[in-house]
Amino acid sequence: MATLYNNGGNLELGGWAGTDGSYANYRKELRNDVGQRYAKPFAIFDHRGSYLRAHMRLLRNYLTKPELKDRYGRVSLFKMINRYAPQVENPTRNYYKKVLQYMKQVNPNFDEKNVTNADIMSMVKAQIMFENKGLEFEKDGKQQEFIKY
């Protein structure tokens, strides 16, 4: 498994508690062809617990963003994934499908058009698995147990 830098979801630098401003040496600031920044380096967390707290806070914050809400005040899984993993640097459609697959396995009644606080931990687990390629949701037709992150 790749080095996670206690950052299984590849959160970018952002003033998170539990970081010292250092970053994963393979991820520099990314800029487009006209020099505009579109991504920051990945943060290094002092502990996995600090990372998990930051990841859950980020996703919970998404649930409050007016630009992500539909006219009924709901936030969809696709909008959250599109914000977290934009197409400029991710296979967003595939990311969404894999996270949705995991969410439906964990909770067959999961409503992808209305993510709630109760869904956040499962979403974090699915994102960690997707971000760290090689961790499959299923093997031989059976759901994999989440690695003790």
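The values are calculated or read from the model by the stated rules, or taken from the named source; none is laboratory data. Computed from a predicted model, the values in this text were never measured in an experiment. Positions of Cβ are backbone-derived with ideal geometry, glycine not excepted, and every protein chain shown enters the neighbour counts. Side chains included, ligands, DNA and RNA excluded: accessible areas come from the protein's heavy atoms. Shrake-Rupley method; radii C 1.70, N 1.55, O 1.52, S 1.80 Å.
Some notes on this structure:
- Unique residue being modelled with pLDDT under 95 and not in a loop (DSSP other than H, G, I, E, B) when the list is Phe78, Phe146, Phe130: Phe130
The rows are residues; the columns are (1) touching a Ser or Thr at 6+ places or on another chain (Cβ under 9 Å); (2) assigned to a loop (DSSP other than H, G, I, E, B); (3) small (Gly, Ala, Ser); (4) over 19 Å from Lys133 (Cβ atoms).
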| site | (1), (2), (3), (4) |
| --- | --- |
| Asn82 | yes, no, no, yes |
| Asn90 | no, yes, no, no |
| Leu100 | no, no, no, no |
| Pro108 | no, yes, no, yes |
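- If the condition is being open to solvent by less than 20 Å² (accessible area, probe 1.4 Å) and either assigned to a loop (DSSP other than H, G, I, E, B) or over 22 Å from Asn7 (Cα atoms) (or both), then the range 110-126 contributes Phe110, Val115.
- The residues of the range 64-86 that are open to solvent by less than 70 Å² (accessible area, probe 1.4 Å) and either hydroxyl-bearing (Ser, Thr, Tyr) or within 14 Å of the chain's Cα centre (by Cα) (or both), listed by number, are Ser76, Leu77, Phe78, Met80, Ile81, Asn82, Tyr84, Ala85, Pro86.
Per-residue answers, yes or no, for (1) out of contact with any helix residue (DSSP H, G or I) (no Cβ under 9 Å at 6 or more places or on another chain); (2) among the acidic types (Asp, Glu):
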| position | (1), (2) |
| --- | --- |
| Pro66 | yes, no |
| Val75 | no, no |
| Lys79 | no, no |
| Glu89 | yes, yes |
| Asn94 | no, no |
| Val106 | no, no |
| Phe110 | no, no |
